[in-house]
1. With just the Cα atoms defining each centre, how far is the stretch 117-185 from the stretch 39-54? Give it in Å.
2. If you take every DSSP beta bridge whose two residues both sit in the chain, what share of them, in percent to the nearest 5, is antiparallel?
3. Rounded to the nearest 0.05, what FRET efficiency is calculated for R185 and M1 with R0 set to 25 Å and r the Cβ-Cβ distance?
4. How many percent of Cα pairs in the stretch 141-185 exceed 15 Å?
5. Most exposed first by the Cβ proxy, i.e. fewest other Cβ within 10 Å, how do R180, R164, R123 rank?
6. Distance from the Cα centre of the stretch 5-19 to that of the stretch 76-114, in angstrom?
7. After finding the eigenvalues of the alpha carbon gyration tensor for the stretch 2-176, what semi-axes result from the square roots of 5 times each, listed largest first in whole Å?
8. What number, in percent, do you get for the relative contact order of the stretch 2-176 if the mean sequence gap of Cα pairs under 8 Å and at least 6 apart is divided by its residue count?
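Read-outs throughout are calculated quantities, based only on the coordinates presented, and are distinct from any laboratory measurement. Fair warning: this is a prediction, and the values are worked out from it, not measured in the lab. Note: ideal-geometry Cβ built from the backbone for every residue, glycine included; neighbour counts use all protein chains shown.
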Amino acid sequence: MRTAVPLPHAYRLLNHGPTTLVTTAHGGRRNVMAAAWVMPLDFTPPKFAAVIAADTFTRELLDASGTCVLAAPTTAQIDLTWRCGNCSGRDGDKFEQLGIGTEPATLVDAPLIQGCAAWLECRVLPEPDLQDRHDLFVLEALAAWADADLWQQGEWTFPVGGRRTIHHSKGGVFFATGERLAAAR
Ligand SMILES: Cc1cc2nc3c(=O)[nH]c(=O)nc-3n(C[C@H](O)[C@H](O)[C@H](O)COP(=O)(O)O)c2cc1C
């Protein structure tokens, strides 16, 4: 079950640096790609930075629609994440090819991928120079969601031995999000 995350807490969904899946949709076409280079930029309104390479189909749909969903896949979706990052939606619908289940988002056309730990429905805050020179997009989250089994009282609560978010290291090698450690205050 999905739970709404208040927008001032949206940064917490990606603050620990997980690899994401970026979904896009425009004009009856939809797509998903893996993106590790995604990070929070601000609290309110919640902003995120994402590198979306110029040659991707995702970039084409992002430029056309001005919206996307950033999702955080889990340890159960490592192979899916790797595959989404190694083929292009220009060659066919990845959702069909890879059997990816989706639900509609609330404010954007891009779909929510079932089984992820978090979802951020975003719009592009245009920064043409950053986009052209560095493939860098500034996104504002308009709605934020988390898997209610993994998120309670404003923070991640990954169960021991259960699903958790993932971090790409290199060439298909991932780390799972680790132990919760709290600093003395
Ligand atoms: C784990 C992983 C992380 C990736 N991170 C990024 C990223 O941050 N930015 C990017 O532009 N491409 C990234 N890629 C590559 C894209 O996912 C890849 O080019 C993809 O095939 C683009 O698909 P599309 O053409 O359907 O949009 C990553 C790939 C993998 C496997």
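1. 11
2. 100
3. Numbers: r = 32 Å, r/R0 = 1.27.
Efficiency for this residue pair is about 0.20.
4. Values: 579 of 990 pairs.
Percent of Cα pairs beyond 15 Å in the stretch 141-185: 58.
5. Details: R180 10, R164 20, R123 15.
Ranked by crowding around the Cβ, least crowded first: R180, R123, R164.
6. 21
7. Working: eigenvalues 97, 73, 47 Å².
One finds semi-axes of 22, 19, 15 Å for the stretch 2-176.
8. Values: 388 pairs, mean separation 49.7, N = 175.
Over the stretch 2-176, the number comes to 28 percent.
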